[in-house]
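Below is one structure, written out as structure tokens; the observations come after it.
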Amino acid sequence: MADRSDLINQLAASMGAGQFASTSYEESRFDAETGTLYCNGMVISKSVAEKAIQHFLTLEKKCNTSDSAQREMAMIYRCAVESIKMMQNPKILALLKEEAKNNGK
């Protein structure tokens, strides 16, 4: 468990006090067994990923594709949706599980 100063630094970092926060870096990783993404000190479960898909789809639908800037935003939202879906694809999960098993040797 994090001590008090770590918790204070994490709170400061989340509030934008970058230079006062601890500067430790944790590499993102994906657990293919559970479908959980670990990044920036957060645990992002499959249910949160599903909510993210719905959120980005809603934003994409609001874009007017006749406007070039909004069309670009629609593509960004679509990219996010497809990336999350790819992460949930059983074939990709199997590949990641195999890779994790091979790296664990």
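The values are calculated or read from the model by the stated rules, or taken from the named source; none is laboratory data. Treat the numbers as computed from the prediction; the structure is a model and nothing was measured. Neighbour counts are summed over all protein chains in view; Cβ atoms, including those assigned to glycine, are modelled from backbone coordinates with ideal geometry. Just the protein is used for accessible areas: all its heavy atoms, side chains included, with ligands, DNA and RNA removed. Shrake-Rupley method; radii C 1.70, N 1.55, O 1.52, S 1.80 Å.
Simple point charges give the picture: +1 on the Cβ of Lys and Arg, -1 on the Cβ of Asp and Glu, and for the stretch 35-105 a dipole about the Cα centre of about 240 debye. In this structure Leu95 has an accessible area near 110 Å², from a 1.4 Å probe over the protein heavy atoms.
Per-residue SASA remark: Lys101, around 130 Å² accessible (1.4 Å probe; ligands, DNA and RNA not included). Its residue count N fixes a reference of 2.2 N^0.38 Å for the stretch 54-105, and the Cα radius of gyration divided by that reference is 1.63. Counting charges near Leu96 (Lys, Arg +1; Asp, Glu -1) among other residues having Cβ under 12 Å from its Cβ returns a value of 0.
With protein chains left intact and a 1.4 Å probe, residues in the stretch 48-105 average 76 Å² of accessible area per residue. In this structure Glu82 has an accessible area near 80 Å², from a 1.4 Å probe over the protein heavy atoms. Summing +1 for each Lys or Arg and -1 for each Asp or Glu among the other residues whose beta-carbon sits under 10 angstrom from that of Ala74 gives +1.
Given their separation in residues at 0.36 nm each and the Cα-Cα distance between them, Ser47 and Leu93 gain 15.0 nm when the chain is fully extended. Of all lysines in the structure, the ones whose alpha carbon falls short of 17 Å from that of Lys46, not counting any fewer than 8 places away in one chain, are Lys85, Lys91, Lys97. Stretched out straight at 0.36 nm per residue, the stretch from Glu82 to Leu59 would grow longer than its current Cα-Cα span by 6.9 nm.
Charge tally for Thr36 (other residues, Cβ to Cβ under 11 Å; Lys, Arg +1; Asp, Glu -1): 0.
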